[in-house]
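Below is one structure, written out as structure tokens; the observations come after it.
Coordinate-derived values only; no laboratory data. This is a predicted model, so every value here is computed, not measured. Cβ placement follows ideal geometry from the backbone for every residue including glycine, while neighbour counts extend to all protein chains displayed.
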Amino acid sequence: MEKAPRPPTRSVRRMDLTLSHCFLPIDDHDRAIAFYHEALGLEVRSDVSAEGMRWVVVGSPAQPGVNIVLQPPVANPDASAGDKKVMGELMAKGVLGGVNFATDDCDTTFERVRAAGAEVVQEPIDQPYGVRDCAFRDPSGNLIRISQDRA
């Protein structure tokens, strides 16, 4: 088997990139706000309606530069009913999006989120790769993992 050629090595000016926004498909903004704000403790940074659609931005107060945009699964007002149906089915299966959060206390965070009524996927467990983590589904089916470094 032939190896792919490596690109030529050259001096490249370093650019600092940071995460600004990530997007999660949701089917009910009010239920999503309740989950992300009340269960996870994120702040609601904006709630905008335009062209018959709604986008909500949430984020951790500890990371003011990182935003999670809660948007319709088909962010196109002209999408066909068939496209919307397919995207809705994929979203319900939890295959369109997900977010991993870090915490300094996985067990306490788990109990708070569970008490808020979130669907538990995995109770806290020590993973062989050095974290203790748990998982939930948000009201739209997206997988939410919460981990704590064990080091």
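Here are a few things to note about the model shown:
- Loop sites in segment 35-111: GluC sites (Glu not before Pro), DSSP, at most 10 other Cβ within 10 Å: Glu51
- For the pair Asp16 and Glu111, label points projected 7 Å from Cα toward Cβ lie 3.9 nm apart.
- Cα gyration tensor category, rounded, prolate or oblate, for segment 95-141 with a/c compared to 1.5: oblate
- Among the chymotrypsin sites (Phe, Trp or Tyr not before Pro) found in segment 100-144, those both in a DSSP coil and sparsely packed, with 12 or fewer other Cβ atoms within 10 Å of their Cβ, are Tyr129.
- Peptides 60-66, 138-144, 121-127 ranked from most to least packed by the mean count of surrounding Cβ atoms within 10 Å: 138-144, 121-127, 60-66.
- Entry note: the chain has Rg to Rh equal to 1.06, where both radii use alpha-carbon atoms and Rh is the Kirkwood radius.
- Modelled label reach - Met53, point 7 Å along Cα→Cβ, segment 78-118 residues with backbone N closer than 18 Å: 78-92, 96-98
- Of the trypsin sites (Lys or Arg not before Pro) in segment 1-107, those whose Cβ has at most 14 other Cβ within 10 Å and which sit in DSSP loop: Lys3, Arg10, Arg13, Arg14, Lys93
- For Leu42, the residues whose amide H sits under 5 Å from its own are His37, ignoring neighbours fewer than 5 places away on the same chain, with H placed 1.01 Å from N.
- Segment 10-151, dipole about Cα centre (Lys/Arg Cβ +1, Asp/Glu Cβ -1), debye to the nearest 20: 560 debye
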